[in-house]
Amino acid sequence: MRLYLVPSPIGNLGDITYRAVEVLKNADAILCEDTRTSSILLRHYAIQKQLVPYHAHNEHTTLPKVIEHLLAGKTLALLTDAGTPGISDPGFLLIRECTRNNIPVECLPGATAFVPALVQSGIPSNSFVFEGFPPLKKGRQTFMKKLAEEERTIILYESPHRLIKTLQELGTYLRTSRQAAVCRELTKIYEETRKGTLEELAAHYEAHPPKGEIVIVVAGKEE
């Protein structure tokens, strides 16, 4: 009886640990955020297991059955699309319920997009705050005002079609001269890290519409 949280590669399929592959091979079943995406990784490593959809749209209804299987002695692995389960991905509700039922939970070390983005941004990494995806509408202004007072380096995730708007709003609330970096498609063929002020980055991506998964790193407010 155990739940394993297995980080999956954020792009390059080689970025998975030997231990993660062994855990996936030995699990009784694998919970997948998207079975189609997970199947690509599993086929690559010749892993054949029962795949159970477990994502943001069904986790509340699926959760009781998953806990039932774990309490019956099953070993399950949770695999999200890219990165570590629970970090801007499904996982928290299941972990909390396992804790309530005294079910052992073990998170393997592995890929998380914001770590390489932070390190290669050239922005101080000794103290930082990870805020995930900014609110779409409700609470967005409050969110930006809070970031304006943050002295630690700020890390955000964003979708390509909202990147320009977010960079512009960050410039409005944090000042356009604030240093930042946009890391795109990390570990993939077209990986890119672009550095500059918020104003410069917004102008660049207005001229060159971005694609792919994006991490924004912004310098904190100077004391």
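The values are calculated or read from the model by the stated rules, or taken from the named source; none is laboratory data. No experiment lies behind these values; they were computed from the predicted model shown. Backbone-built Cβ (ideal geometry, glycine too); neighbour counts: all protein chains shown.
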- Message: Taking the criterion of being part of a loop (DSSP other than H, G, I, E, B), within 13 Å of the chain's Cα centre (by Cα) and surrounded by fewer than 20 Cβ atoms within 10 Å (Cβ to Cβ), would at least one residue in the range 113-125 satisfy it?
- Response: no
- Message: Just to verify a result, which residue in the range 30-62, among those that are aliphatic (A, V, I, L, M) and buried (at least 16 other Cβ atoms within 10 Å of the Cβ), is nearest to Gly11 (Cα to Cα)?
- Response: Leu41
- Query: Taking the range 135-170 as the region of interest, how many residues are assigned to a helix (DSSP H, G or I) and either under 19 Å from Glu223 (Cα atoms) or not assigned by TED's automatic domain parsing to the domain that holds Lys211 (or both)?
  - Reply: 6
- Message: So Arg175 ticks every box in (1) surrounded by fewer than 16 Cβ atoms within 10 Å (Cβ to Cβ); (2) of a type outside the set (Ser, Thr, Tyr); (3) under 29 Å from Pro9 (Cα atoms); (4) over 17 Å from the mean Cα position of the chain (by Cα) but one. Which box is left unticked?
- Response: (3)
- Query: For Ile103, which of the numbered conditions (1) touching a helix residue (DSSP H, G or I) at 6+ places or on another chain (Cβ under 7 Å); (2) within 29 Å of Lys188 (Cβ to Cβ) fails to hold?
  - Reply: (2)
- Item | First in the range 108-124 and under 13 Å from Thr153 (Cβ atoms), second anywhere and modelled with pLDDT under 95 and in a loop (DSSP other than H, G, I, E, B), Cβ under 8 Å, 6 or more apart | Phe114/Ile87
